1. Counting other Cβ atoms within 10 Å of each Cβ, which trypsin sites (Lys or Arg not before Pro) in the chain have at most 15 and sit in a DSSP loop?
2. Any idea what angle helix 30-57 forms with the longest principal axis of the chain, computed on alpha-carbon atoms, 0 to 90 degrees, nearest 10?
3. Counting only protein heavy atoms and using a 1.4 Å probe, what share of the accessible area of the chain belongs to carbon plus sulfur, as a whole percent?
4. Relative contact order for the chain: what percent, with Cα pairs under 8 Å and sequence separation of 6 or more?
5. Per residue, what accessible area does the chain have, given a 1.4 Å probe and all protein chains present, in Å²?
6. Gain in length, SER16 to SER29, computed as 0.36 nm per residue apart minus the alpha-carbon separation, to one decimal in nm?
7. List the lysines whose Cα sits under 27 Å from the Cα of LYS59, skipping any in the same chain fewer than 8 residues away.
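The values are calculated or read from the model by the stated rules, or taken from the named source; none is laboratory data. Just so we're clear, the structure is a prediction, and the values are computed from it rather than from any experiment. Cβ sites come from the backbone with ideal geometry, for glycine too, and all protein chains shown count toward neighbours. Only protein heavy atoms, including side chains, enter the accessible area calculation; ligands, DNA and RNA are left aside. Shrake-Rupley method; radii C 1.70, N 1.55, O 1.52, S 1.80 Å.
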Amino acid sequence: MNIKWNFLILAILAASSIGSIGIFIAEKSLLGILAAIVVLCGIMGFGFTQKKKLREAGKL
């Protein structure tokens with residue numbers, strides 16, 4: 001089994017940003033919620049583009 005460490009790190013970062021959304025909801029911080037959503041979208045977008053590049057190169 002070959003672990004793709006970059007995708008694992010991106011998944012952990014995405015999960016932690018989802019968790020931070022919940023924390024900011026509990027703190028009732030609208031600015032924190034919006035920042036966490038933007039970070040989540042950035043991480044997910046970067047991960048999907050990396051996966052597409054690897055798939056097109058035949059490495060996935």
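1. LYS4, LYS28, LYS59
2. Helix 30-57 and the main axis of the chain meet at about 0 degrees.
3. Its accessible area is 73 percent carbon and sulfur atoms.
4. Computed over the chain, the figure is 33 percent.
5. 78 Å²
6. Between SER16 and SER29, full extension yields 3.0 nm more.
7. By straight Cα distance, LYS59 reaches LYS4, LYS51.
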